[in-house]
Amino acid sequence: IPPGEKPVVVYVARELQVLRSLNPIINRKDRVETILDSGSQIVCMALREALKLGLTWDPDIRLRMESANQQVNESVGLARNVPFTFAEGFTIYLQVHIFEQPAYTVLLGRPFDTLTESTIQNLQDGSAIITIRDPNTGRRTALPTIERGKMPKGGVAGEGEQKF
């Protein structure tokens, strides 16, 4: 910096940002960490979680999915019209592809984004707020997202869990 000149403040991006998630009640049973991934063409769930939630699926509808690491996995089937409750009286129904051992529990892909007309406000501290619309009622709600892996423990009414 030349003498007498003030230094310029320059803001730069962090090296990485953790993925963001929501914790809806799925199939009216339990809260589950769901990762927001607008880069995915589908909504998908781990088989162990589908069994725990009592989901049923059509084993004749299977698809092959290629992961970012180019590994290809075939789904075990498609669970139709699975209820996801994000807030009191705010339930949407998603088509969920079930996979045996994915690297996540539930992934909310583009079908979630388009159905809910979601918008995400990303903040500089790494947090984010998602606004979604219930296509059946037109009602909108804004939800804080959670860092992946930081979902409060304790099931539907666990202590310290976010209340709606």
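The values are calculated or read from the model by the stated rules, or taken from the named source; none is laboratory data. Source: prediction; values computed, not measured. With ideal geometry, Cβ positions are generated from the backbone for all residues, glycine too; neighbour counts draw on all protein chains shown. In case anyone asks, the SASA skips ligands and DNA or RNA and just uses the protein heavy atoms, side chains included. Shrake-Rupley method; radii C 1.70, N 1.55, O 1.52, S 1.80 Å.
If you go through region 106-125 and keep only what is polar (S, T, N, Q) and open to solvent by 70 Å² or more (accessible area, probe 1.4 Å), you end up with THR114, THR119, GLN121, ASN122, GLN124.
When you go through ILE26, ILE42, ILE35, ILE61 one by one, which is the residue that is open to solvent by less than 70 Å² (accessible area, probe 1.4 Å) and closer than 23 Å to THR137 by Cα? Just a single option satisfies the conditions, and that option is ILE26. Go through (1) in contact with a Lys or Arg (Cβ under 9 Å, 6 or more places away or on another chain); (2) free of Cβ contacts under 8 Å to residues at least 40 places away in the same chain for SER38 and report which single condition fails. For SER38, the exception is condition (2). The single condition among (1) within 22 Å of THR114 (Cβ to Cβ); (2) at pLDDT 95 or above; (3) not basic (Lys, Arg) that LEU63 does not meet is (2). Screening LEU123 against (1) closer than 30 Å to TYR11 by Cα; (2) modelled with pLDDT of 95 or more leaves a single unmet condition, (2). Screening ASP60 on (1) closer than 20 Å to SER127 by Cβ; (2) touching a residue at least 12 places away in the same chain (Cβ under 8 Å); (3) more than 17 Å from the chain's Cα centre (by Cα) shows it passes everything except condition (1). If the condition is being part of a strand (DSSP E or B) and either farther than 11 Å from VAL96 by Cα or touching a helix residue (DSSP H, G or I) at 6+ places or on another chain (Cβ under 8 Å) (or both), then region 38-79 contributes VAL43, ARG64, MET65, GLU66, VAL72, ASN73, GLU74, ALA79. Exactly one residue out of ALA103, ALA128 is of a type in the set (A, V, I, L, M, F, W, C) and open to solvent by 70 Å² or more (accessible area, probe 1.4 Å), and it is ALA103.
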